[in-house]
Amino acid sequence: MNTPSLNIDLHCHSTVSDGVLAPAAVAERARANGVDVWALTDHDEVGGIAEAAQAARAVGLRHITGVEISCTWASQTVHIVGLNFDAENEALVQGLHKTRSGRGSRAQEIGRRLAAMGMPGAYEGALEFVGNPELISRSHFARWLVKAGYEPDVQSVFTKHLGDDRAGHVPVQWATLTECIGWILGAGGVAVMAHPGRYKYTPMQFDALFDEFEGLGGRGVEVITGSHTPEEARHYARVAKQRGLLASRGSDFHSPHESRIDLGRLPQLPSDLTPVWHDWF
Ligand code: AMP
Ligand code: MN
Ligand code: MN
Ligand code: MN
């Protein structure tokens, strides 16, 4: 069922990954913004879900389990959102633990690169912003570089130093698409391609990515997301329709000061698409 009257936000982050608000504060902000159904989707980590579920109950928000898993496909990073799974599933928990394990040494390398680029002390600085010692990300470096006065805002940091094609970016070999979808399905969840508009693939590669994603049991695609322009949203609405994929909606909220779109403040899904939540309630 498409439920246009409900405000559903199935993508956002807390201090358990690279957001700036604790899970309970994200729940409260979602409710205050009029969200009815909510999933916290921290990167490579389900450690915030218990707090999220409890806080959601306290404010009268319907909670769905969520995670955003980093994977590598054709030498680029793809994010897969998992929804409505058992967050205690052993293989999922272990797989996410393994996925997080390369972040510490990678962060030290980012620190060395930034030092070589004339910005010393960034590794130690980034740690000041980290809420979860296993989850140091480029966002934490970006926040420190702003605080230290190297750039005016986080977006400029990514544009100049930490974006995928910039000198300070240290690529990681994340999980494979097979592993990542396997963990989500094994835990009873639905796998959703996160913000495809952000990936730099050729049209042929996009076709191959979606073919493989569907072949592995992937069911959904984010259509309405804070990461898409209106044109990208229209394009992925067509892709969802043509491929028979379920459509998802999520702000990708990280911080009141950084995110393009606040929790719940997105257009509704186009009414001719089947939403990822159609058989949940
Ligand atoms: P990491 O997982 O450490 O590679 O960091 C990826 C995170 O950095 C993403 O989840 C975003 O929160 C953030 N990020 C990546 N690219 C950009 C960008 N161009 N602008 C703002 N944030 C970005
Ligand atoms: Mn992030
Ligand atoms: Mn993402
Ligand atoms: Mn995200």
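Can you tell me which residue among 116, 91 is open to solvent by 30 Å² or more (accessible area, probe 1.4 Å) and closer than 18 Å to residue 70 by Cβ?
Going through 116, 91 in turn, just one is open to solvent by 30 Å² or more (accessible area, probe 1.4 Å) and closer than 18 Å to residue 70 by Cβ: 91.
Scan segment 18-73 for residues that are within 13 Å of ligand 2 (Cβ to nearest atom) and of a type in the set (S, T, N, Q) and report the count.
Matching residues across segment 18-73 total 2.
Residue-by-condition table, conditions (1) among the basic types (Lys, Arg); (2) closer than 20 Å to residue 12 by Cα; (3) open to solvent by less than 70 Å² (accessible area, probe 1.4 Å); (4) within 20 Å of the chain's Cα centre (by Cα):
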position: 205; (1), (2), (3), (4): no, no, yes, no
position: 209; (1), (2), (3), (4): no, no, yes, yes
position: 217; (1), (2), (3), (4): no, no, yes, yes
position: 222; (1), (2), (3), (4): no, yes, yes, yes
position: 226; (1), (2), (3), (4): no, yes, yes, yes
position: 236; (1), (2), (3), (4): no, yes, yes, yes
position: 242; (1), (2), (3), (4): no, no, no, no
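Step by step: first the residues of segment 100-113, then only those that are touching a residue at least 40 places away in the same chain (Cβ under 8 Å) and open to solvent by 10 Å² or more (accessible area, probe 1.4 Å), then the one that is nearest to the chain's Cα centre (by Cα). Which residue is that? First the steps, then the outcome.
The first filter runs over segment 100-113 and keeps only residues touching a residue at least 40 places away in the same chain (Cβ under 8 Å), leaving 100, 102-103, 106, 109-110, 113.
Filter once more, keeping what is open to solvent by 10 Å² or more (accessible area, probe 1.4 Å): 100, 102-103, 106, 109, 113.
Details: 100: 14, 102: 18, 103: 16, 106: 19, 109: 23, 113: 25 Å.
Across segment 100-113, the extreme among qualifying residues is 100.
Which ones in segment 1-22 are surrounded by 24 or more Cβ atoms within 10 Å (Cβ to Cβ) and either within 22 Å of residue 270 (Cβ to Cβ) or away from ligand 3 (no atom under 16 Å from the Cβ) (or both)?
Hits for segment 1-22 are 8, 9, 10, 11, 12.
Whether any residue in segment 225-247 is within 16 Å of ligand 3 (Cβ to nearest atom), in a helix (DSSP H, G or I) and of a type in the set (Ser, Thr, Tyr) is what I want to check.
Scanning segment 225-247 turns up at least one residue that is within 16 Å of ligand 3 (Cβ to nearest atom), in a helix (DSSP H, G or I) and of a type in the set (Ser, Thr, Tyr).
The values are calculated or read from the model by the stated rules, or taken from the named source; none is laboratory data. Every value quoted in this text rests on a predicted model; they were computed, and no experiment measured them. Don't worry about glycine lacking a Cβ; one is built from the backbone with ideal geometry, like all the others, and counts go over all protein chains shown. The accessibility values were calculated without ligands, DNA or RNA, using every heavy atom of the protein model including side chains. Shrake-Rupley method; radii C 1.70, N 1.55, O 1.52, S 1.80 Å.
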